[in-house]
Structure formats: C-alpha cells, structure tokens
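Engineer: I'd like to ask some things about the structure below.
The values are calculated or read from the model by the stated rules, or taken from the named source; none is laboratory data. Just so it is clear, the model here is predicted, and its values are computed rather than measured. When we count neighbours, we look across all protein chains shown, and the Cβ atoms used for this are built from the backbone with ideal geometry, even at glycine. To get the accessible areas, we keep the full protein, side chains included, count just its heavy atoms, and leave off ligands, DNA and RNA. Shrake-Rupley method; radii C 1.70, N 1.55, O 1.52, S 1.80 Å.
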Amino acid sequence: SKAEMGHTCRGTINLATANITVEDSCNFIISNGGAQTYHLKASSEVERQRWVTALELAKAKAVKMLEESDDSGDESVSQTDKTELQNTLRILSSKVEDLSTCNDLIAKHGTALQRSLSELEALRLPPDSTDKIKQVNERATLFRITSNAMINACRDFMLLAQTHGKKWQKSLQQERDQRIRLEETLEQLAKQHNHLERAFRGATVLPSSTPGTGGSGKDLCCPAKGDLSDEDDDNNEFFDAPEIFPMPDIMGHKRTGSNISGTSSDISLDEQYKHQVEDTKKEKRTRIPYKPNYSLNLWSIMKNCIGKELSKIPMPVNFNEPLSMLQRLTEDLEYHELLDRAARCESSLEQLCYVAAFTVSSYSTTVFRTSKPFNPLLGETFELDRLEENGYRSLCEQVSHHPPAAAHHADSKHGWTLRQEIKITSKFRGKYLSIMPLGTIHCVFHSSGNHYTWKKVTTTVHNIIVGKLWIDQSGEIEIVNHKTGDKCNLKFVPYSYFSRDVARKVTGEVMDPSGKVHFVLLGTWDEKMDCFKVQLGTGDNGGEARPRAHEAEDSRVLLWKRNPLPKYAENMYYFSELALTLNAPENGTAPTDSRWRPDQRLMENGRWDEANAEKQRLEEKQRLSRKRREAEAARATEDGKAALARRDVPPRCPPQALTPLCPPGTPCDPYKPLWFERKKDPVTQELAHVYKGGYWESKEKQDWSLCPDIF
C-alpha cells in the first residue's frame, strides 16, 4: 500500500545516506554502505554524468529534508496522503453543510405549504379560489425542487462516504494485519530466545562449589520450582548471561560511592558525589561499579518502536551506558597523539596519512560498545581539560534537541584544532539499528595552515531481538586538504558471511591533486592501520603500483594500534581507559556538565530504578522549558506585529525582523547555545555551530551565571 512507502522497503536505498561513486566512463555505483549496492551502466559518458548529477542533487535535497523534518516522529502517513485526506474531509464538510441548508429550506417551505393548504380548505370556492390554488401549486413546486436537491446531496454524500470508507477500511485492515503478523513474529522470536537462553543455563557446567557459595550454582543455572513455561508466559523477561567466573578482589576495594550493594543506600547521593570529587582530584580512576544483572521486559518495549527514530523513543536506562553522547563524542580524542605527530610532519601527504589513521581510530571504541549513550539535554555541556597531561582541552555542547545536534571544539598546544557538529539520525528496523551521523569534521594545523575535512560513516547494530549484538561500520570517507588539494579515500568494508576478507577491514589511498597515489593504507577499524609507500615502476600510473606497495614490506609503517582494554572491561560496559575517567566527578566544571547529570550518576552507581525515575523527571522538565520558550516567542511575535500595525515600530525595524525563522504552522523555539554560535563555514559553505569563546574564562573566574538550570 502507499503508506508502506514511508518506511524502507526491500531493495531501496535511502538517498540521504547513499554513496554515489563513479567507476569508469559509463559505470557508476550507488550503495547504502550495507547490504544494498546497485551497479549501473549508462550508454555514454554524457548520460552517466547526467544521472550522477541528478542523483547528487536529489541526495542534497533529501539531506536537507531530513535536517528540516519536524519532531513529530510519525512517519506512517506521507505528505501526499495527508493532502488527500484533508481534501476529502473538506469535501465531506461541504456536503454536510449542503445537507443542513437543504434541511432548513425544506422545513421553511413545508410550513408555508401547510399554511396554504389550510387556507384552501377553509375556502368555499369563492371567486378568488383560482389565485389561491395557483399559489399552492407554486409552493408545492418549490418544495419539490428543494426536496430533489436534498435527495441529490444525500446521494452524493453517501457515494463519497462509501467509496472512501471502503478504501480507508482496506488500508486500516492491511495495517492491522501487518502489525499483528509482526507482533506474532517478534513474540515467537522472543520466546525462542528465552527458551534457548534457559536451555543454555541448564546446560552450563559451573565450577565446583567454593567456600561460601554452597549450592548457589544450581539456583543460577536451573529455573526455580514453579517457574512458568515459555508457552504460558506472554511477557517473557530477558536476563543478561550469568557471570560464571568468581568476582575479583577489586570489588572489595574501598571507594566511596562505588559499591552497588544495599549498604550504599544509607548515604545520600550528594555525599557520595562529594567524596568522589575529592578522590578523583588525586588520581584518574581506573574502574567504575560493575554493571548489575537486572532483568528487562524487552518485548513490551520493542513492539512499539519499529520504524521510529531512536532519539524519539522513551528508552529505559537498561539500554544505556553511563556516559552521554557528548562524552562519547569526546572519546574521538583518545588517540590524540596521532594529530600531535601529524602536526610535526613536513610533508602534507604524510600528514594526511596520520589524519586518516586518526579518523579510523575514533571507531575502535565501538567494537564491543553495544549500549546506547544518554541523549544530552538541550544546553548540556561536557569539558575535558587535559592541557597539563596531554596538551589539549575539549568542550562539547548540545546545541539542538530536535534534531539532536552536538557541537565539539578541541584545541591543542601541539599545533592543531579539531571541531565538528554532529547530528545523529537513527532508525530501528526490528532486526538492526542504523545510526547515521550527519555533519562535517574539521581539523586545522596551525603551522602549515592545512585544513582537512571529512564526514563519518554509517554504524549498524545487528541482532537487536535475537542473538548476540554486534556492530559494523560501513561506507566511504573522503578526507580533503583544502589548502593543497590532497585527498584520501577510505573504504570501510561491510561484513559479509561469504567474504574471505579480514573482518572490519579498512582500505585507503592518499593522492595528490592530480590523482597520483603516493600511499596505500590498510588495516581494520578495531585493531590497527598500516601505511605503505607506493613504489612507482616504469610508468607513472599509480594503479600499476598499488599491488607492489603491499609487497614492499620495508616501506610498511604502523600508523596506529588500538590500546588494550582495562582488566575486567567486560563488566564495566567495555569502557576504555579514557572512557572510565570521563564521568569521574570533577570540581569547577559548569553546572550543565554531564558529570552533574543525576540519572546518569545513579545508573553508574547501579541504582537503575531510581535512574529511570530521574530520567523521566529531567525529560519532563526539558519539555516544559521548551513549551515556555515557544510561548514567549509567540507572544513576542504577536506584540511586535501589533506594534507594527499601530505604526509604533520605527522605520529602521523591518517587518521580517518580527517573524520567527520557523516553518509555518510549527512552534518556534528561540533557544540559542551558550558557548557556540551558528555561522556559515567559509570552506564548506555549510551552516555549523562554531565555538565563540568564553567558557574557559568563565571557568577560571568560576562565573557560571549565564548557565541554564537543566538538571
């Protein structure tokens, strides 16, 4: 049906996230970076170029529409269907008005006719009876005409209602059948998953009982007496796999606020937080409380989420990790030393190799991280001041809530600046989750003036319902040096069951402005990246030299290698060493900093029920603040228009100054970020939020009077 086109159909590629590449004079490729790829061939080079140009224009329009989409989250009805529905309702309303008018006329003329007939009966055939009879006939004729109009209007109304009623009933029945089939399939999969998990527990052989454990192993693996069977349980609960290894001694390490046992509930959250601040000032923390093994009714959440954007679904903290999206964005700087080395390079091509390695390294933390970070509140910030230890400091701010957008700025005393504005769009499709970051990343080196830009690839989370979650990165990245014209093309190869290639493979080529390849990059986004210098043969064709570059082991240079995860990382959300320190309490930060977010802190401390309640409170507070801003903006606009109508506005104030920059019919949120401002980038010609300064000065003075109260 037409309504299904609002969602992704099998065989289609979303233009907003499509990769369009030219293969040769007549062939070109369209890919979504995942399972769908089209190889197309035109009859001539001119025709191919016309197609590529048209597709690029359509892609730009699709990206713009995606950015300007409203925050309703309801994609089940397309714009065409809405227009058709409105037109039909308008016609039906008009027909109802016609019926009402005809009804009034029938009542009026019927009364007049009755009066005339009564007068006729009272007559005893006097000479004036002819005139009276003529008058009765005229009114009877008028009544007949009005009645016919009434009958015709009724007939038109009934035909229209029956025609569209059947159509709507059919569409509604299709939607109901589809939803029922989907729910039955998901429920069956959920039951199978639960059955397999219980079977696994029953088959697990635990180590022999250790002192203090007694016979607890039997309780962990076998269902308790009286448990309901899978067939009788409509709301199956899902549990994390039981930990069958003994807990290490570090869990007994005395650290205020780090224990998740019931004894910590006697101490208030504020007191725990205060002690944590004192501890973290002494040294960087290397552990956080272990992730508790809480049950989750997965089916009750998942069945209402299909087809919706992830940022618009109220998710419990059970799906989260105790970090915000701003902190996750700051994790891009984990391998900042790659940019430090790049700043020392004299050759722009060698520098581009290190920038490419830095780009790939930002994905290394995602390989085991299947949990979702907290969506930042509007105005939330996160700072990371490592100026003394590593020579850089970083600031992130949530600059928009719908669509979610975060601005990031980092400066280093080693001679580079990194800035980006990332808008996250995500779609849950029942079997997998696609996360598509939109926005450009800029890296500028101070001494050379080299300015690099690139975009992120699509992240896909597989096995959302059944099986073990795993993450894949797919797509292509083009890194451009806008000063010299050098380019690097990176290709993230999507995982395939039938491929013999190494999993998570990344390949790349570093080229000068003429297209001549100087370096070949090879590696994986979760382990390492190597660089090979191209040894040109007799010809200058880089294509002939590429295979030889891999043979030249003596030219191999290890650009980047992933740091090992901390001990027992599997119990701490698979956090890296940097991630473990990001949410550590720190004095002097802004009151909007993610470290002060209460629901995130409660989750980190293992108090998930309290965290869920606190999360709902914060989201409701954010909604009320937004409504208040929209109401004030609407009131100011009305006052301005009224003043203009009274000619009280000076001539120098143009009328358009009173009009909010919002689409017609939608409420206008006049929110402006505190530390970033929206500007047109001179290099990419895109509108983006750029750091305007003032944060570190406010921190030095401890003047946070401009910060909003968001927590």
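Engineer: Name the single residue, out of those in region 466-486 being β-branched (V, I, T) and surrounded by 17 or more Cβ atoms within 10 Å (Cβ to Cβ), that is nearest to V506 (Cα to Cα).
Structural biologist: For region 466-486, the residue satisfying everything is I477.
Engineer: With the requirement that a residue be of a type in the set (D, E, K, R) and part of a loop (DSSP other than H, G, I, E, B), what does region 499-535 give you?
Structural biologist: R500, D501, R504, D512, K516, D526, E527, listed by residue number.
Rundown of residues vs (1) part of a helix (DSSP H, G or I); (2) under 26 Å from T359 (Cα atoms); (3) open to solvent by less than 60 Å² (accessible area, probe 1.4 Å), yes/no style:
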site	(1), (2), (3)
W560	no, yes, yes
N563	no, yes, no
F575	no, yes, yes
A579	yes, yes, yes
N587	no, no, no
E610	yes, no, no
Q616	yes, no, no
E619	yes, no, yes
R623	yes, no, no
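Engineer: Look through region 141-171, keep the residues that are more than 50 Å from the chain's Cα centre (by Cα) and of a type in the set (V, I, T), and return whichever of them is least open to solvent (accessible area, probe 1.4 Å).
Structural biologist: T146
Engineer: Please work out if V360 is β-branched (V, I, T) and in contact with an Asp or Glu (Cβ under 9 Å, 6 or more places away or on another chain).
Structural biologist: Here the answer is no, as V360 does not meet what is asked.
Engineer: Take the residues in region 16-38 that are without any contact (Cβ under 8 Å) to a residue 40 or more places away in the chain and either more than 19 Å from Y495 (Cα to Cα) or assigned by the TED database to the domain that holds G475 (or both); name whichever of them is surrounded by the fewest Cβ atoms within 10 Å (Cβ to Cβ).
Structural biologist: My answer is D24.
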